Ligand code: S3P
């Protein structure tokens with residue numbers, strides 16, 4: 001059956017005020033890492049709050065194929081790890097579906113093993129650049145036995161007898177590249193150092209330290225972080241409670257802001273400072289949003305967010321905030337479509353290599369719905385229409401990208417005319433309960 005026949009469109013319509021209290025699923029970045037590090041550690045890891053989305057479940061399958069035992073017992077996931085250095089050669093290809101995080105981090109995790117591992121993915125993942133991970137792995141002695149042109153999937157890696165530790169300066173702000181090198185370092189004798197000139201989400205460093213890795217972070221005078229990890233150490237199983245994903249919380253939050261009269265609470269949202277750029281930006285835009293019940297859970301700060309319908313104002317989002325809200329630009333562009341004046345977003349080059357070229361997917365979706373915008377090489381300017389007057393009425397191409405799908409369904413809740421998307425199926429990769437959760441708040445999506 002062709003992709004076309006599998007597509008399931010959806011339409012969002014202008015909705016009455018949204019109300020209620022919701023919890024979004026567990027953080028995707030932490031969920032991938034919980035399965036990977038638990039699968040690698042010695043002994044048992046128990047995880048609650050895991051995101052049971054397709055992307056994360058693929059990572060679980062990959063870890064199982066390499067010797068970890070992973071079972072779900074009621075609401076808890078129980079993992080018996082192989083021990084560091086003891087992953088087994090998988091029988092077949094590791095299929096990561098749509099998931100860049102799963103694919104790239106696992107390349108780091110097993111690329112240095114003296115065995116052949118084949119990585120495959122869906123048509124979106126197969127278009128995404130993998131050279132950013134293969135380059136440092138090559139320096140560690142990893143051979144790329146097979147790859148599609150431009151270092152793309154399908155890829156077959158084979159590690160050397162003994163991987164060489166390296167010092168690697170990450171050339172683009174990417175937590176995935178940082179993480180892949182650190183994970184490769186776990187299987188190299190000696191100290192591997194990642195130099196990160198621009199800080200990105202720090203879940204790998206924090207969680208590896210929690211699992212007992214010998215990891216040290218020093219910030220130099222230029223503010224670059226030097227992350228040193230000692231290879232071949234012992235990791236010990238942990239108990240992990242995963243907080244709600246701020247990148248998923250972004251959808252009900254923006255919906256609550258743009259639908260007049262709304263009053264909603266999103267509970268238990270991860271407030272790690274490397275992930276809160278959208279919240280900072282929305283507050284700058286005059287969002288009526290309170291951060292309440294700040295507390296610590298499993299070494300991370302979490303909070304509840306109380307959001308009310310707001311009269312948003314356009315702002316300029318500084319480029320250096322991009323790494324702290326990189327996945328939230330599509331839904332920020334939707335908020336900007338309702339703000340008074342212009343919203344200027346800069347430093348967006350990484351958006352071009354996400355699940356889709358998100359910069360052009362967003363600009364085209366806005367234009368299809370009569371929202372004025374200008375797409376630059378690494379920037380987007382959106383001219384808002386307060387009240388959603390005269391906008392909507394279009395169908396958005398989602399290009400196998402869950403965040404494009406959810407963002408434009410949120411937009412249609414407050415536009416004068418309905419907004420349709422060509423395909424809702426990818427939403428299951430990160431937020432399987434999106435439709436039900438939004439419906440429960442009063443959103444008219446079908
Ligand atoms: C992620 C890092 C980010 C982000 C992705 C998840 C992670 O990608 O876009 O959704 O879990 O490390 P990059 O590191 O490529 O920017």
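Tabulated results
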quantity	calculated
Residues of the range 215-253 satisfying the condition of being out of contact with any helix residue (DSSP H, G or I) (no Cβ under 9 Å at 6 or more places or on another chain) and assigned to a loop (DSSP other than H, G, I, E, B)	220, 221, 222, 223, 224, 232, 233, 234
Matching entry among 382, 317, 362 (being over 30 Å from residue 30 (Cα atoms) and surrounded by 18 or more Cβ atoms within 10 Å (Cβ to Cβ))	382
Residue count, the range 355-364 (criterion: without any contact (Cβ under 8 Å) to a residue 40 or more places away in the chain and within 14 Å of the ligand (Cβ to nearest atom))	1
Residue in the range 345-354 that is farther than 30 Å from residue 129 by Cβ, touching a helix residue (DSSP H, G or I) at 6+ places or on another chain (Cβ under 9 Å) and touching a residue at least 24 places away in the same chain (Cβ under 8 Å) present	no
Residue list for the range 132-150, restricted to those being surrounded by fewer than 19 Cβ atoms within 10 Å (Cβ to Cβ), without any contact (Cβ under 8 Å) to a residue 40 or more places away in the chain and part of a helix (DSSP H, G or I)	135, 138, 139
Segments classed as strands (runs of 3 or more DSSP E), wholly inside the range 1-75, with at least 1 members that are assigned by TED's automatic domain parsing to the domain that holds residue 431 and within 26 Å of residue 267 (Cα to Cα)	10-13, 19-23
Some residue of the range 295-314 being at pLDDT 95 or above, more than 25 Å from residue 262 (Cα to Cα) and within 16 Å of the ligand (Cβ to nearest atom)	no
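To keep it simple, each residue is scored yes or no on (1) within 19 Å of the chain's Cα centre (by Cα); (2) in the same structural domain as residue 95 (by TED's automatic domain parsing); (3) part of a strand (DSSP E or B).
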| position | (1), (2), (3) |
| --- | --- |
| 154 | no, yes, yes |
| 157 | no, yes, yes |
| 161 | no, yes, no |
| 165 | no, yes, no |
| 171 | no, yes, no |
| 176 | yes, yes, no |
| 180 | yes, yes, no |
| 195 | no, yes, yes |
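The values are calculated or read from the model by the stated rules, or taken from the named source; none is laboratory data. Since we're looking at a predicted model, the values are computed, not measured. All Cβ positions, even for glycine, are placed from backbone atoms using ideal geometry, and neighbour counts span all protein chains on display.
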